[in-house]
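Below is one structure, written out as structure tokens; comments come after it.
The values are calculated or read from the model by the stated rules, or taken from the named source; none is laboratory data. From a predicted model like this one, the values you see are computed outputs, not experimental measurements. Cβ sites come from the backbone with ideal geometry, for glycine too, and all protein chains shown count toward neighbours. Surface accessibility is based on the protein's heavy atoms, side chains included, excluding ligands, DNA and RNA. Shrake-Rupley method; radii C 1.70, N 1.55, O 1.52, S 1.80 Å.
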There are 2 protein chains.
Amino acid sequence: MTAEQPARRPGGRTARVRAAVHQAVVDLLGEEEWDDLSIALVADRSGVHQTTIYRRWGTLAALIDDVVTERLTSSSPVADTGTLRGDLEAYAVQVAEDVASPLGAVFLRAAMVGTRAEGEEQPRQIYLLERGMQLQAMLDRARDRGESPPTLLELLEVVLAPLYFHVIFFNSPAGADHARGLVDRLLSLVAKT
Amino acid sequence: MTAEQPARRPGGRTARVRAAVHQAVVDLLGEEEWDDLSIALVADRSGVHQTTIYRRWGTLAALIDDVVTERLTSSSPVADTGTLRGDLEAYAVQVAEDVASPLGAVFLRAAMVGTRAEGEEQPRQIYLLERGMQLQAMLDRARDRGESPPTLLELLEVVLAPLYFHVIFFNSPAGADHARGLVDRLLSLVAKT
């Protein structure tokens, strides 16, 4: 009885180009020489002209950031479990899993080195802005239910920063239990104030 | 009346080679094309033979890590102020200042990309080991005085991780006041348990 959905054409050629280029970046980042990534290589792999890529993204850093932003925000959507603790735990465990996956770790590093050719362009903030809005929505839901959520900065500093820190500096992801422990810490900080 | 200290010769030629190579790495990291850093470039700049550098450090990643370890541990020695809060604040403010300096930020990024050519060698742990021992000594002093220090992991997660996070992801250092706020947070967590 369900009507056949009409096939969606999200942007046609533009979307196909974007998908092909993104996929090429993901594939290349997963390979041995990922730090040699260049727009020329991406053009080669994707079959999209180099000039098209330059026109659309401008720089390799901007392209990487676009890919990382899309992957990270779509790979760990923010859950709506009905409680602040539930949402925070789902989020923290998901991030711990994402950064522990081989590609996740590669993305994380790519995000960090994305600016190296262009200096201080701060594309990081673009990613944080989008993810930050998702998280702010989670905190707003909690407040609407009458709970006392932390601030977004507290969430980033107490939960997210350590999860990234473990991968970057210990080269060893934190795991789900540890992620839940960070949520405990955050909630106990909020309960104190 | 003070006797003239005899000039110290810390290792002679070996030490001179190390100093020259380290200085070359520092200089090159401060330049525009720092991500093109290679052992060949370091040899060129330092006047030390490439084979000597390879024999001594093995890989570019190991060399960068040696430099970063020495710089970061010597540039922010752990103070002994007589109180846990004083030590922690001095340490946190120092780290905030270090990572905010242009070279500090470059070092931080260099530390993160140091492994990229060699895969998962985990040199990060070497740096953390040395710095970790200094910090553990700070915490042990506090315990010896009868204070209740946090664990080393709590210190790294609650204070260090956010300071690095601000630089890496916000591309904007946290500042001294914020660093002291992180120490407050850490001490309030410890007081709770």
Checklist entry - If we sort B:86-94, B:154-162 on the protection proxy, mean other Cβ atoms within 10 Å, highest first, what's the order? => result B:154-162, B:86-94
Item to check | Nearest-0.05 FRET efficiency for A:ARG85 and B:GLN134, computed from C-beta distance (R0 35 Å) | outcome: 0.45
Checklist entry - Got the A:GLY12 label distances to the other copies yet, label 7 Å along Cα→Cβ, in nm, shortest first? => result 7.8
Checklist entry - To the nearest 20 debye, what charge dipole does region B:11-58 have about its Cα centre, counting +1 at the Cβ of each Lys and Arg and -1 at the Cβ of each Asp and Glu? => result 620
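Taking 8 Å as the Cα distance limit and 6 or more residues as the minimum spacing, I'd like the relative contact order of region B:11-58 as a percentage.
Relative CO of region B:11-58 lands at 37 percent.
Given a 1.4 Å probe and no ligands, DNA or RNA in the count, how much accessible surface is buried by A and B, both sides, to the nearest 100 Å²? Please report the intermediate quantities before stating the final value.
Working: alone 11170 and 11150 Å², together 18930 Å².
Answer for the A-B pair: about 3400 Å² buried.
Would you work out what percent of the accessible area of region A:11-58, with all protein chains in place, is carbon or sulfur (probe 1.4 Å)? Don't skip to the end; give the middle numbers.
Working: 1250 of 2720 Å².
The nonpolar share, carbon plus sulfur, comes to 46 percent.
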Checklist entry - In nm, what does the list of distances from A:HIS49 to its counterparts in the other copies look like, shortest first, when each label sits 7 Å along Cα to Cβ? => result 5.2
